[in-house]
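Presented below is the structure to which this report refers.
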Amino acid sequence: QVQLVESGGGLVQPGGSLRLSCAASGTLVSTSTMRWYRQAPGKEREWVGDIFIDFRTTYNDPVKGRFTISKDKAKNTVYLQMNNLKSEDTAVYYCHIPPLGVWGRGTQVTVSS
């Protein structure tokens, strides 16, 4: 059974940083595109970015230049480094494997002073 577990969310002040983790089991992060989404209160789920098998990354414009996706094959984990956080980044962040249709339960990120 494939599972994804996100962690690392929390409360951070504007301008601060957080690193989210997405630990995978039942599959290898090295063999699939891995994707991050987020969903803010009252809004639709929004794509954040992808990391591909060859480690290339792509990002949605609102986070480009501030967020970085990476992966560690040994730990079978994908990361989302978020810098210069803004209040509009407040959301539940989800990890997703598109080819398998698997989602994690999400982790809450709140950016507030």
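Numerical summary
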| read-out | value |
| --- | --- |
| 17 Å cut-off, amide nitrogen to a point 7 angstrom out along LEU11 Cα→Cβ, residues in region 77-113 | 86-92, 108-113 |
| Relative compactness, the chain, computed as alpha-carbon Rg over 2.2 N^0.38 Å | 0.99 |
| Loop-located chymotrypsin sites (Phe, Trp or Tyr not before Pro) in region 42-75, at most 15 other Cβ atoms within 10 Å (DSSP) | PHE52, PHE55 |
| Candidates ALA91, ALA74, ALA24, ranked by Gaussian network fluctuation over the chain, Cα under 10 Å, top entry | ALA74 |
| Per residue accessible area of region 48-89, 1.4 Å probe, in Å² | 51 |
| Set of lysines near LYS73 by C-alpha distance (under 20 Å), chain-local residues within fewer than 8 positions excluded | none |
| Heavy-atom accessible surface of the chain: percent carbon and sulfur, 1.4 Å | 47 |
| Region 94-106 - phi-based ³J(HN,Hα) in whole Hz, Karplus 6.51/-1.76/1.60, Gly and Pro as x | 10, 9, 8, 10, x, x, 9, x, 9, 10, x, 8, x |
| Among beta bridges that DSSP assigns inside the chain, antiparallel share in %, nearest 5 | 90 |
| Proximal aspartates and glutamates to LYS86, defined as alpha-carbon separation beneath 20 angstrom and excluding residues fewer than eight positions away on the same chain | GLU44, GLU46, ASP61 |
| Residues whose placed amide H lies under 5 Å from that of LYS71, excluding near-sequence neighbours | TYR79 |
| Region 2-87: GluC sites (Glu not before Pro) in DSSP loop, at most 15 other beta carbons within 10 Å | GLU44 |
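The values are calculated or read from the model by the stated rules, or taken from the named source; none is laboratory data. Keep in mind that what you see is a predicted model, and the values were worked out from it rather than measured. All Cβ positions, glycine included, derive from the backbone under ideal geometry; neighbour counts span all protein chains shown. For the accessible areas, the whole protein counts, side chains as well, though only heavy atoms, and no ligand, DNA or RNA atoms are used. Shrake-Rupley method; radii C 1.70, N 1.55, O 1.52, S 1.80 Å.
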